[in-house]
Amino acid sequence: MFQVTDNSTAHGAKTPHGFKTPHRFPVVTTTNADLGALALQLYPTGSAWQMPEGSNMRSLHQALNLSFLRLINTGNALIDSTLPDNNNFDANDCTLWEYRLGLITNPALTLPQRRANISRKLSFRSNVKARAGAMYIQSQLQVAGFAVGVYENVFYDGSGHKYYKTPADIIGAIPGIVEHGGTTQHGGSTEHGGGNFDIIANSNTGPEDYNPGGNLWATFFIASSTAITQNAIIPKTREREFRELVLHLKAAHLAAYIFVTYV
């Protein structure tokens with residue numbers, strides 16, 4: 001009985017076919033020699049199909065392989081620079097895709113962080129109304145590296161009636177009127193925006209001069225991921241990036257009261 005060995009070929013006249021027939025797994029290569037060896041496996045066995053060094057057959061395949069190699073390398077480079085899932089996606093690729101997607105280029109971030117932001121944006125590019133929900137906004141902010149919680153401005157009294165809260169209702173006090181006087185900036189209980197609370201409505205820089213007035217139904221809160229009454233901690237270097245992302249995620253008519261400490 002014929003014994004199948006590593007030297008058996010798929011097209012040999014006496015080689016059996018079936019489950020035990022040896023086959024090569026697909027390989028990734030960037031050399032002319034490997035492509036030539038792969039081509040030999042596709043030809044029938046016999047002297048008429050050999051490719052000795054210097055022969056016209058080998059020269060023809062070497063010329064064809066050069067085109068194949070250019071195609072392989074170009075394809076790999078195109079894929080690597082398009083999908084932010086590999087180490088070949090470098091800082092230049094990040095800058096280009098941040099420009100294309102309307103993301104802020106923040107050199108303070110590491111390459112993995114920038115790739116994660118681009119991947120998040122590529123996954124959710126469409127302006128879908130359902131994505132204006134609090135849980136979606138929260139998930140995207142957290143994926144971007146911001147440890148925050150998003151809370152709807154919807155509360156119920158003891159009788160089950162819905163009502164809305166002001167930022168002062170949430171934290172239990174109205175902050176002082178000092179905004180940027182002296183050495184005070186964003187620390188302690190100093191807030192900005194309508195009623196001196198920081199708010200994100202239309203601008204990616206703060207403090208924003210915007211007051212929703214009586215339209216509290218169009219507001220929501222961004223605070224710590226553990227409790228709405230606690231400030232979230234965000235690096236000062238990512239303040240503009242954070243505000244920009246909130247603007248992109250929220251519906252245009254909504255305004256976000258933010259309880260944030262920038263460090």
Filter the stretch 111-160 for residues that are out of contact with any Cys (no Cβ under 9 Å at 6 or more places or on another chain), charged (D, E, K, R) and surrounded by 12 or more Cβ atoms within 10 Å (Cβ to Cβ); the one that is modelled with the lowest pLDDT is Arg131
Against the condition in contact (Cβ under 8 Å) with a residue 60 or more places away in the chain and over 18 Å from Asn202 (Cβ atoms), how does Tyr262 come out, does it pass? yes
Selection from the stretch 239-259 of residues of a type in the set (Lys, Arg) and either without any contact (Cβ under 8 Å) to a residue 24 or more places away in the chain or crowded, with 20+ Cβ neighbours inside 10 Å (or both) yields Arg243, Lys250
Residue count, the stretch 233-263, condition farther than 19 Å from Thr166 by Cβ, outside any helix (DSSP H, G or I) and of a type in the set (A, V, I, L, M, F, W, C), comes to 5
Exercise. Given the structure, is Thr226 surrounded by fewer than 19 Cβ atoms within 10 Å (Cβ to Cβ) and among the hydroxyl-bearing types (Ser, Thr, Tyr)?
Worked result: yes
Only one of Asn32, Asn56 is under 30 Å from Thr74 (Cα atoms), surrounded by 12 or more Cβ atoms within 10 Å (Cβ to Cβ), modelled with pLDDT of 75 or more and not hydrophobic (A, V, I, L, M, F, W, C), namely Asn32
In the set Ile137, Ile79, the lone residue that is touching a strand residue (DSSP E or B) at 6+ places or on another chain (Cβ under 6 Å) and in a helix (DSSP H, G or I) is Ile137
Residue pairs within 8 Å by beta carbon, gap of at least six or interchain, first lying in the stretch 78-93 and over 16 Å from Ala116 (Cβ atoms) and at pLDDT below 90, second assigned to a loop (DSSP other than H, G, I, E, B) and not small (Gly, Ala, Ser), listed first then second, are Asp80/Asn86; Asp80/Asn88; Asp80/Phe89; Ser81/Asn88; Ser81/Phe89
Of (1) in a loop (DSSP other than H, G, I, E, B); (2) farther than 19 Å from Asn204 by Cβ, Ile104 satisfies every one except (2)
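The values are calculated or read from the model by the stated rules, or taken from the named source; none is laboratory data. What you see is a predicted model, and the numbers here were worked out from it, not measured in a lab. Glycine also receives a Cβ, built like all others from the backbone with ideal geometry; neighbour counts cover every protein chain displayed.
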